[in-house]
1. Can you list which of the trypsin sites (Lys or Arg not before Pro) found in the stretch 74-113 are DSSP loop residues with at most 15 other C-beta atoms within 10 Å?
2. What size of dipole, in debye to the nearest 20, comes out for the stretch 308-366 about its Cα centre when the only charges are +1 on Lys and Arg C-beta atoms and -1 on Asp and Glu C-beta atoms?
3. Evaluate the relative contact order of the stretch 227-373 (contact order divided by residue number), counting alpha-carbon pairs under 8 angstrom at least 6 apart; express in whole percent.
4. Taking Lys50 as the anchor, which lysines have their alpha carbon closer than 18 Å to its alpha carbon, excluding any fewer than eight residues away along the same chain?
5. Among the lysines, which have Cα under 25 Å from the Cα of Lys205 when same-chain residues fewer than 8 positions away are ignored?
6. How many angstrom separate the Cα center of the stretch 249-277 from the Cα center of the stretch 45-106?
7. With each run of n ≥ 4 DSSP H residues scored as -39500 (n - 2.57), what mean residue ellipticity at 222 nm is computed for the chain after dividing by its residue count and rounding to the nearest 500 deg cm²/dmol?
8. Would you list Phe38, Phe106, Phe262 from fewest to most Cβ contacts within 10 Å?
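Derivation of every value follows stated rules applied to the coordinates shown; laboratory data play no part. Worth saying up front: this structure is predicted, and the values here are computed from it rather than measured. Here Cβ is always computed from backbone atoms with ideal geometry, including for glycine, and neighbour counts include all displayed protein chains.
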Amino acid sequence: MCKLNKKTISLMFSGALLMLLLIWGSYQGIHYTSKTEFCLSCHSMSIPAKEYQESVHFKNASGVRAECKDCHIPPGIIPTLVRKTQAVGELYYQWVSPSIDTPEKFEAKRAELAHKEWSRMAANNSAACKSCHSYQAMDHGKQSAAAAQQMTTAAGKDSQCIDCHKGIAHRKPDISSGFRDDFNKLQQQAQQLPESHELFTLSDKKITAAVNGEAGKAQLMPATKVTVLAHQDQQVQIEITGWRESSGRGRVITQYPGKRVFSAVLDDSLLPAVKVLSQQEDPVSHQQWEQISVTAWTSQEGFSANLQPVWQYAESMLKSTCSSCHSTPPTTQYNANGWIAGLKAMSTYYRLSKQEESTLLKYLQTHASDTKE
């Protein structure tokens, strides 16, 4: 057996020492670049830094702070190295071609950045979140009844935290411009009355008993089908067909018997024009319902000859509104009446106008579990 000479031993020792230095240096580099102070030291991070410092993850009653790495670097050696490698590419946009170095640029890319981060978290099943928050460690007795129910369901599915929890440390992006642009286009197209016998409303519309009559409380709801009867002085006479309860004042017209999918609301001036077409008993509530028709006048703008563009707009609104917090629920999650309470329960988490909310509700109800064809 040949003996190692001093030169060989020296090279082996130097190589081992160099390897240790590289390992130690890499560890120190990863450790240093994972500190919150380092993450927030870049000028481009001034806006997310301020949002983070005002969040419950930065300062809270328990005194436990979630640092930047706790959310943005998944646990484990390999996932950490992968994320750090990805971050090297992001330095290009910091030093060579700045893309978020001003408030205007940051706001323009906020939605893109948020979706990238949400996708990254979803891909590893919210591993970073779950390194601190464990389903098994949750005390449901210290949670509200609603939270306990939601978390129990989520634990059973091992759901991703990001499905329900967005905007915790940073402000959620406003992703409403897409569906609002769609509605503006629909409105522009609806300035002229379509040449069709059957039309659909884009939004709420006032209706009167006489042409150019004084508007009262009567109105059509969004996505309501009407039949055109006559035209006069930029007004159009329409016929509305629907259902109303046999008992009561008979002002509310619904699209289906027994379901609160509203088509129109009448006032005293229109009630005499109501014609009863048939009667039917609701098998669930055993209430008597009347199928009716009524004629009214309204302005000729705000109609579409096709309902599909209205539903496309509503579907875009649903996806944009829901995806800011969680995955988009199927329209069949509730029945038509159940969607009223279902949407109301989420009303504190989205920012929709009354008009937008009314259209969204109509879309959900007409595609619900008991109405979808």
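1. Values: sites: Arg83, Lys84, Lys105, Lys109, Arg110; in loops: none.
Hits after loop and neighbour filter: nothing returned.
2. Values: 5 positive and 3 negative charges, 19 e Å.
Roughly 100 debye for the stretch 308-366.
3. Numbers: 212 pairs, mean separation 30.6, N = 147.
About 21 percent, as a whole number.
4. Within reach: Lys35, Lys59, Lys69, Lys105, Lys109, Lys166, Lys172.
5. Counting by Cα, and skipping residues close in sequence, Lys205 has these lysines nearby: Lys185, Lys217, Lys225, Lys259, Lys275, Lys344, Lys354, Lys362.
6. 55 Å
7. Numbers: 12 runs with 148 residues, N = 373.
My calculation for the chain gives -12500 deg cm²/dmol from helical runs alone.
8. Values: Phe38 14, Phe106 17, Phe262 20.
By the 10 Å Cβ count, ascending: Phe38, Phe106, Phe262.
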